[in-house]
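A.B. asks: Structure provided below as structure tokens; questions to follow.
The values are calculated or read from the model by the stated rules, or taken from the named source; none is laboratory data. Bear in mind the structure is a predicted one, so any value in this text is a computation, not a measurement. Cβ: placed from backbone, ideal geometry, glycine included. Neighbour counts: every protein chain shown. Just the protein is used for accessible areas: all its heavy atoms, side chains included, with ligands, DNA and RNA removed. Shrake-Rupley method; radii C 1.70, N 1.55, O 1.52, S 1.80 Å.
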Amino acid sequence: MNKKIIDIMGSLGIESYYHKTLSSKDKDKYVIFNIYDEEDTDVFDNNSLYTIYYISLNFWCKNIENLDLYKDIKRKMKENKFIFDGCTDVFDENYYGKNMDFIFKEMNSI
């Protein structure tokens, strides 16, 4: 799942990091994401057909004019079968941001 999200952000020219970045001070824009819940679904005989991932994605930018890039992130994630589950504004001392939640249902190989 992590590689999938990193690849999607890379296609938009946005660096992305799982959980945290150690050096954000020199970046104009970036994404930090994490999986805050994961569950098996469609379980039969102790095997699940699908795994559902609940993902929190934070887009940060120094320039307020770049904040609308969150719409491109949202569009691109939806194109890759992620379900958009809400968005809120977030702020930091040096950055503007959007926190977006997504859901992804992945078929398991059995």
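A.B. asks: Before anything else, pin down the relative contact order of the chain: Cα pairs under 8 Å, at least 6 apart, normalised by residue count, whole percent.
C.D. replies: Over the chain, the number comes to 24 percent.
A.B. asks: Give me the mean projected area, in nm² to one decimal, of the convex hull enclosing the Cα positions of region 14-74.
C.D. replies: Mean projected area for region 14-74: 5.4 nm², to one decimal.
A.B. asks: Just for the Cα atoms in the chain, what are the lengths along the principal axes, largest first, rounded to whole Å?
C.D. replies: The principal-axis extents, from largest down, are 52, 26, 23 Å.
A.B. asks: Once the Cβ-Cβ distance between residue 1 and residue 75 is put in as r, and R0 is 22 Å, what FRET efficiency do you end up with, to the nearest 0.05?
C.D. replies: 0.70
A.B. asks: Tilt of helix 2-11 relative to the longest C-alpha principal axis of the chain, in degrees (0 to 90, nearest 10)?
C.D. replies: Long axis of 2-11 versus the principal axis of the chain: about 40 degrees.
A.B. asks: Which residues does the label zone of residue 85 cover in region 52-69, counting backbone N under 13 Å from a point 7 Å along Cα→Cβ?
C.D. replies: 52-57
A.B. asks: For the chain, which whole-number percentage of the solvent-accessible area (1.4 Å probe, protein heavy atoms only) is attributable to carbon and sulfur atoms?
C.D. replies: 46 percent
A.B. asks: Of the cross-linked pairs 27/81; 20/81; 4/78; 29/81, which ones have a Cα-Cα span greater than 22 Å in the structure shown?
C.D. replies: Correct reply: 27/81; 20/81; 29/81.
A.B. asks: Return one number: the angle in degrees, 0 to 90 and rounded to the nearest 10, between the long axis of the Cα atoms of helix 69-79 and the longest principal axis of the Cα atoms of the chain.
C.D. replies: 20 degrees
A.B. asks: When the chain is fully extended, how far beyond the present Cα-Cα distance does residue 106 get from residue 94, taking 0.36 nm per residue of separation?
C.D. replies: Value of the extension gain: 0.7 nm.
A.B. asks: Rolling a 1.4 angstrom probe over the protein heavy atoms, how many square angstrom per residue are accessible across the chain?
C.D. replies: Result: 63 Å² per residue.
A.B. asks: Which trypsin sites (Lys or Arg not before Pro) from region 79-108 combine a DSSP loop assignment with at most 14 other Cβ atoms within 10 Å?
C.D. replies: Within region 79-108, the qualifying trypsin sites (Lys or Arg not before Pro) (loop, at most 14 other Cβ atoms within 10 Å) are 81.
A.B. asks: Something else about it: Residue 43 to residue 11: extension gain in nm, 0.36 nm per residue of separation minus the Cα-Cα distance?
C.D. replies: Residue separation times 0.36 nm, minus the Cα-Cα distance, leaves 8.1 nm.
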